[in-house]
Amino acid sequence: MLQVHQDIYELFRVYLSPEAPSDKVSWSKVCRVLQELDSSIYTESALLEIRSRLSVFPVADHAETPNDSVSLQSLIKWIYGYGNLGDASVSAATGRPLLLRSKSKLNEDASNGHPGLVKRQKSLDVDRAVSSDDQVIFRVRTAAGEVVFSLMEQDLPGITIAQVRTEVSKTVGKIMDEIKLFLEVRELQDDEILTELSAEQQQPLEVLLITQILAQFDDAQPALEQLDILKGMLASSSHEYQMTAARQIRKMLSVEINPPIDEVIAVPNLIDRLLELCKQMETEQIQFEVFWVLTNICSGTAQHTAAVVDKGAPPIFVDVLKETGNREVKDQITWALGNIAGDSPGFRDQCLDAGAMVAVLDVVTDESSSLATLRNATWVLSNLCRGRPRISVEHFSPALEPLKTLIESQQDEDILCDAAWAIGYICDGPDNRVDAVVKAGMCRRLVELLQDPPSTRVLTPVLRAVGNVASGTAEHTQLLMDFSLFKACHQLLAHEKLSVRKETYWMISNILADGKDSVQKVIEDGLLELVVRACNEEQDFHVKSEGLWCISNSCDCMDPEQIQHLLQCGCMESVAFFLAPGASEKVQMKALDCVSNILETGEQIAKNDGKTNPFLSSIKETVGSRIQYLADSGDELTDDVEGKAMELMQQLEV
């Protein structure tokens, strides 16, 4: 029967195709259809009779010859009983065309003299006894003539073809996508109403049921070659088909090396369908697979992520995240949002505007969240706070208290690391951003983590966050010092990792930039001497240059005693290093500024005491020759460096 359905459908498809040259169809296919319906009735002689009545080419037998065909128009009319083919082609019992001959028990019992009330039929919301006296106004018949669905006249109002297809699909065991209903040669659409169709017909309405089989995924064939099949399965109404397709695409995109993201997003309307399935709340496992697919697409390039975002994904993701109670689905959505937000500030802002911050924070603050869920959500939180242009105060404010709770209550390195990065991103910028972090009460715990970090992974973002706080006002810096920040700095300057030492110099330079009082506190702690000594010994150029900033910021205050302390600590050794040929203009100018501030401070002392500059001889001895070289280098240096060097040489020659 399956082949029969497929062949009948093929006849209609060819007939309805705009490319069809005529309405003629292969007679051999018609014979196969009829004989498979009932070979005992459609014998050779019966086929010859039908052939003679339908064909536009008279033939002696039904064997197909070149151009041998029948009129599909005639065949369809005969199927519905509109043609007159004579006694040889109709049932003696029913008077209907043999193709519509029904083998239902109703007909058999009626012919044997049984009463008309035989069975119960359930159609839509109608559950009632059907008798032969009832006026059936609508029937759905198979190609073999079997009635699979019917409605009485009083049940017809308001019923649509979509509802009929749903009921028929249950009756015949097919999904709706495999069910097509035809009135004569026209396929009926879901929004058509039966009462309107019945009024047009002026008689009981009978439609033809054509079933088709959706193309199935073949495990034996490469999945990538079956993307169109998988798309069709996703588009079906069958949850089983949807699940199979989503899972296969997910597996395809989960390979570590060169996942075929380009090929997947190139399939027309595939992303649209995936986003539709995201909202299918009644099928959580399908949601999970679909969100996994979209997560992996967004793990690719900016172009891949844009293919999802440009279809309006962020609001959909956020809405489902708020609504679903399924933990796996929540995890997958947050992961997808993290990939989107981490791609670019523009995509991050789309997530934020859709309400992602609050939705993710709900996951973070949910006490029932597993460790894995909390790790994932904290990583997403850091991505939502990351990037420039910076996230607005309005957007990050709800995250302050949850972040404080995370760094105070969690021992997990992944969570601490991502929470610290989020804090660092938030307080990177103007003083009002730093003030928000300080007022949230995070500084004490951040300094504790500097003093006793669980690992270098955690230390790096914590150091960045503290450094950003230190770049704020003097009050912000003082708060850090009150929490024993300098104790941590003594340890960090000797850390084995270059990036840690570099960030430590940078943080201390921010403290020294606050002015004379902060410099004095650094001196009294003994930290400035340690900074100068460590900078002199540092072998890495980039780390050493951060140490130069510490020296320069200390010199900017031009306090005689503090300058004297710097010189005694040996600061000119590092200054001389950056005045050497080959250093960048930026560090050469910074080193020359140090010399200038030291000389100017000495001039003020000499002016007040009526003596010579107390620092002049030390400067000449340590860096005089290098400044002379820079002044005489001509075109080899920039005008700024050469001009500054010549100006200093004039002071040194006094």
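The values are calculated or read from the model by the stated rules, or taken from the named source; none is laboratory data. Everything numeric in this text was worked out from a predicted model, so none of it was measured. Neighbour counts are summed over all protein chains in view; Cβ atoms, including those assigned to glycine, are modelled from backbone coordinates with ideal geometry. With ligands, DNA and RNA removed, areas are computed over all heavy atoms of the protein, side chains included. Shrake-Rupley method; radii C 1.70, N 1.55, O 1.52, S 1.80 Å.
Largest accessible area first, the listed residues Phe291, Phe541 line up as Phe541, Phe291 when surface is computed with a 1.4 Å probe on the assembled protein chains. In the stretch 206-301, the ratio of gyration radius to Kirkwood radius, Rg to Rh, stands at 1.01 when only Cα atoms are counted.
Please give the net charge around Glu600, taking every other residue with its beta carbon less than 14 angstrom from that of Glu600, where Lys and Arg add +1 and Asp and Glu add -1.
Net charge in that neighbourhood comes out at -3.
In loop segments of the stretch 342-433 as defined by DSSP, the GluC sites (Glu not before Pro) with at most 14 further C-beta atoms inside 10 Å of their C-beta are Glu367. Largest accessible area first, the listed residues Lys620, Lys330, Lys586 line up as Lys586, Lys620, Lys330 when surface is computed with a 1.4 Å probe on the assembled protein chains.
For the pair Ser254 and Lys586, label points projected 7 Å from Cα toward Cβ lie 4.5 nm apart. Cα centroids of the stretch 333-350 and the stretch 484-521: 34 Å apart. Taken as Cα centroids, the stretch 538-561 and the stretch 290-308 sit 46 Å apart, rounded to the nearest whole angstrom. In this structure, Gln285 and Glu323 have a Cβ-Cβ separation that, at R0 = 22 Å, corresponds to a calculated FRET efficiency of about 0.85. The dipole here belongs to the stretch 521-645: it is taken about the Cα centre, uses +1 on the Cβ of Lys and Arg and -1 on the Cβ of Asp and Glu, and is about 240 debye.
Measure off, as a whole percent, the carbon and sulfur share of the 1.4 Å-probe accessible area of the stretch 253-325, all protein chains present. List each step's numbers first, then the result.
Details: 1540 of 3210 Å².
The computed percentage sits at 48.
Counting Lys and Arg as +1 and Asp and Glu as -1 over every other residue whose Cβ lies under 15 Å from the Cβ of Asn536, the net charge comes to -3.
Within straight-line reach of Lys170, meaning a Cα separation under 16 Å, sit the following aspartates and glutamates at least 8 residues removed in sequence or on another chain: Asp125, Asp127, Glu146, Glu178, Glu240. With a cut-off of 14 Å between beta carbons, the residues surrounding Gly338 carry a summed charge of 0, where Lys and Arg count +1 and Asp and Glu -1. The label point for Ser455 and the one for Glu200, both projected 7 Å from the Cα toward the Cβ, are 6.9 nm apart. Between Glu600 and Gln564, the contour length at 0.36 nm per residue exceeds the alpha carbon distance by 11.7 nm.
Accessible area of Cys571 (1.4 Å probe, protein heavy atoms only, ligands and nucleic acids ignored): about 0 Å². In this structure, the amide hydrogen of Phe149, modeled 1.01 Å from its nitrogen in the peptide plane, lies closer than 5 angstrom to those of Val140, counting only residues at least 5 positions away or on a different chain. For the residue pairs Lys180/Lys311; Lys231/Lys311; Lys439/Lys502; Lys487/Lys516; Lys231/Lys322; Lys404/Lys439, the C-alpha atoms sit more than 22 angstrom apart in Lys180/Lys311; Lys439/Lys502; Lys231/Lys322. Cα-based values for the stretch 532-654, radius of gyration first and Dmax second, are 13.8, 43 Å.
Two decimals is fine: what is log10 I(q)/I(0) at q = 0.11, 0.14, 0.23 Å⁻¹ for the stretch 349-450, from a Debye sum with one equal scatterer on every Cα and no solvent? Evaluating at q = 0.11, 0.14, 0.23 Å⁻¹ gives log10 I(q)/I(0) of -0.29, -0.47, -1.31.
Here the spin labels are modelled as points 7 Å beyond Cα on the Cα-Cβ line, and at Met481 and Asn536 they lie 2.4 nm apart.
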